[in-house]
Amino acid sequence: MTSTWTAAAYVAGLLAGIPAMLAGLFALEVHPVAGTLITLGAMALLLSSLSELCQASGLNESNLQDRQKENVYGG
């Protein structure tokens, strides 16, 4: 049950990060410092949520490398 709530929190972070990133990009023209800070914060939120979701789903780098080896060597 807790893993479901954890995954839902990371998905919510992804969904909140996208509009925050757009808001930061639009704010760059009017308020450069605030726009930069908002954009960097949104990027951090998106990247942290995405990395946690990839780890939870088992899509880490070692698994991908093993899958690539299996595809190359045929087994």
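The values are calculated or read from the model by the stated rules, or taken from the named source; none is laboratory data. This is a predicted model, so every value here is computed, not measured. Cβ atoms come from the backbone with ideal geometry, glycine included; neighbour counts cover every protein chain shown.
Filtering Val11, Val33, Val72 for residues that are loosely packed, with under 10 Cβ neighbours inside 10 Å, among the β-branched types (Val, Ile, Thr), assigned to a helix (DSSP H, G or I) and modelled with pLDDT under 95 leaves a single hit, Val72. Kindly check whether there is at least one residue in region 17-30 that is surrounded by 11 or more Cβ atoms within 10 Å (Cβ to Cβ) and either at pLDDT below 90 or not in a helix (DSSP H, G or I) (or both). No, region 17-30 contains no residue that is surrounded by 11 or more Cβ atoms within 10 Å (Cβ to Cβ) and either at pLDDT below 90 or not in a helix (DSSP H, G or I) (or both).
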